[in-house]
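See below for the structure under consideration.
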Amino acid sequence: MEKFGAEETAKEIITTEVVQQEEAHPYAFHVSGPRNVSSPNWRDLISSSWKDTNYKRTVIACFIQAVYLLELDRQENRTEENALAPKWWLPFKYKLAQTLIDERDGSIFGAILEWDRSAALADLVLMRPSGAPRAVLVLRGTLLKSPTIRRDIEDDLRFLAWESLKGSVRFKVALEALQSVADRYGSSNVCIAGHSLGAGFALQVGKALAKEGIYVETHLFNPPSVSLAMSFRNFGEKAGFVWKRFKSMLPTSSETPVSSDEAEKAFGVGLKNWVPQLYGLKNSGVGLGKWVPHLYVNNSDYICCSYTDPDGTEGNNAGKENTGPTTGGQVAAKLFVKSKGSQKFLEAHGLEQWWSDDLELQLAVHNSKLISRQLKSLYTFPASQQPQGNPR
């Protein structure tokens, strides 16, 4: 009898130690999650918290954190009882509907979270609050852990080299998943979001659907903006500009002048002919304002800071898939910049900053050159409506 009591006591001690370790985990929701955000309640039937842009940004960032933790839970063999990920969606009355798996290594890189009507009813929330999406597709970024780092870095290098993620198996899986939930619930009831590399996938998947006339709310946290492809194009544009300035200073001659096309190619603009254009999709003449991605960037984060570069004159962009005329010269995107002093890279690129209590955001009032480059092809005029004198 005494032996049995001793065994029970030992089990209680072990259980208590495990619980304490889980409670102290740095990624536990109550340790590193948002402090001043409430769960949906009956008051949301009158005035929905989801209509508050700060609330929506906070909750969606928490959902992305949950995807990081889904993969960590998998790697660390956590059970349903001690898993960290669910705590990041349960308070907001959502449930895990599907995980997105990378077939190359079996890792979880995304998830679909759906409104949990049963959990909401238990707290007297009789219907989904206005503005709350029916389903959210969330995609994580690079996870520097040995089981998944190889494939994550492989896709990072893919973007760095080609400014496109379409060749990755993750793009195909994410696109099919988003199409599925958009068909099931309607595109206006669905949103897609991602952080870092995941934001790169979300941007390209969202644009691919927008090309088909399916407009899904899109939230991009620290989206990647650095690529060799973009650097080559920038070099080509600058070289072409220098050549034109130099040519204008030459004295006139009766000899046959060198064509501008030949000159530009000599200075490197010809690189644009072999550098793949972003997404590689044909212009479908989508109307302005149909798809408006939300970008959240930090100027101290060198991975996404290029989005804050103001738009400028890019010279003759005829024939480029990602450039062209827009209505009033505007590009449909909302760029939010964190207004804080210089920060270390890990802090500036981290996801946690987007639910911080002291977060201050500024909506950029200038056009972003990079956003213009990536989104203009969505808003160009169809061939039949092309303004006169504006070459294709």
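Would you confirm whether any residue within segment 213-220 is in contact with a Lys or Arg (Cβ under 8 Å, 6 or more places away or on another chain), open to solvent by less than 10 Å² (accessible area, probe 1.4 Å), part of a helix (DSSP H, G or I) and not charged (D, E, K, R)?
Checked segment 213-220: no residue is in contact with a Lys or Arg (Cβ under 8 Å, 6 or more places away or on another chain), open to solvent by less than 10 Å² (accessible area, probe 1.4 Å), part of a helix (DSSP H, G or I) and not charged (D, E, K, R).
Please enumerate the residues belonging to segment 28-64 that are at pLDDT 90 or above and among the acidic types (Asp, Glu).
Asp52
Mind telling me which of the residues Leu100, Leu96 ends up being out of contact with any Gly (no Cβ under 8 Å at 6 or more places or on another chain), at pLDDT 95 or above and of a type in the set (A, V, I, L, M)?
Exactly one residue qualifies, and that residue is Leu96.
Just checking: which of the strands (runs of 3 or more DSSP E) contained wholly in segment 284-392 hold 1 or more residues that are of a type outside the set (Val, Ile, Thr) and at pLDDT below 85?
361-363
For residues that are touching a residue at least 60 places away in the same chain (Cβ under 8 Å) and charged (D, E, K, R), scanning just segment 166-176, find the one that is most open to solvent (accessible area, probe 1.4 Å).
Lys166
Name the single residue, out of those in segment 77-105 being out of contact with any Lys or Arg (no Cβ under 8 Å at 6 or more places or on another chain), part of a loop (DSSP other than H, G, I, E, B) and not polar (S, T, N, Q), that is surrounded by the most Cβ atoms within 10 Å (Cβ to Cβ).
That would be Lys93.
Per-residue answers, yes or no, for (1) assigned to a helix (DSSP H, G or I); (2) of a type in the set (Asp, Glu); (3) at pLDDT 95 or above; (4) touching a helix residue (DSSP H, G or I) at 6+ places or on another chain (Cβ under 6 Å):
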site: Glu7; (1), (2), (3), (4): yes, yes, no, no
site: Val18; (1), (2), (3), (4): yes, no, no, no
site: Ala66; (1), (2), (3), (4): yes, no, yes, yes
site: Leu69; (1), (2), (3), (4): yes, no, yes, yes
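Could you check how many residues of segment 189-208 are over 13 Å from Leu220 (Cβ atoms) and either crowded, with 24+ Cβ neighbours inside 10 Å or at pLDDT 95 or above (or both)?
2
Within segment 193-209, can you find the residues that are more than 8 Å from the chain's Cα centre (by Cα) and either of a type in the set (Val, Ile, Thr) or under 24 Å from Trp115 (Cβ atoms) (or both)?
Selection gives Val205, Gly206, Leu209.
Name every residue in segment 106-152 that is in a helix (DSSP H, G or I) and either surrounded by 14 or more Cβ atoms within 10 Å (Cβ to Cβ) or in contact with a His (Cβ under 7 Å, 6 or more places away or on another chain) (or both), in order of residue number.
Matches in segment 106-152: Arg117, Ala119, Ala120, Ile149, Arg151, Asp152.
Of a type in the set (Asp, Glu), crowded, with 22+ Cβ neighbours inside 10 Å and touching a helix residue (DSSP H, G or I) at 6+ places or on another chain (Cβ under 9 Å), is that true of Glu163?
When the stated conditions are applied, Glu163 passes them.
Which residues, counting only those in segment 177-188, are surrounded by fewer than 24 Cβ atoms within 10 Å (Cβ to Cβ) and either touching a residue at least 60 places away in the same chain (Cβ under 8 Å) or of a type in the set (D, E, K, R) (or both)?
Ala177, Asp183, Arg184
How many residues does segment 168-200 hold that are in a loop (DSSP other than H, G, I, E, B) and under 14 Å from Glu103 (Cα atoms)?
Summing the residues that are in a loop (DSSP other than H, G, I, E, B) and under 14 Å from Glu103 (Cα atoms) in segment 168-200 gives 1.
The values are calculated or read from the model by the stated rules, or taken from the named source; none is laboratory data. Please read all numbers here as calculations on a predicted model, not as lab measurements. Counting neighbours? That spans all protein chains shown, and the Cβs are built from the backbone with ideal geometry, glycine included. For accessibility, only protein heavy atoms count, side chains too; no ligands or nucleic acids. Shrake-Rupley method; radii C 1.70, N 1.55, O 1.52, S 1.80 Å.
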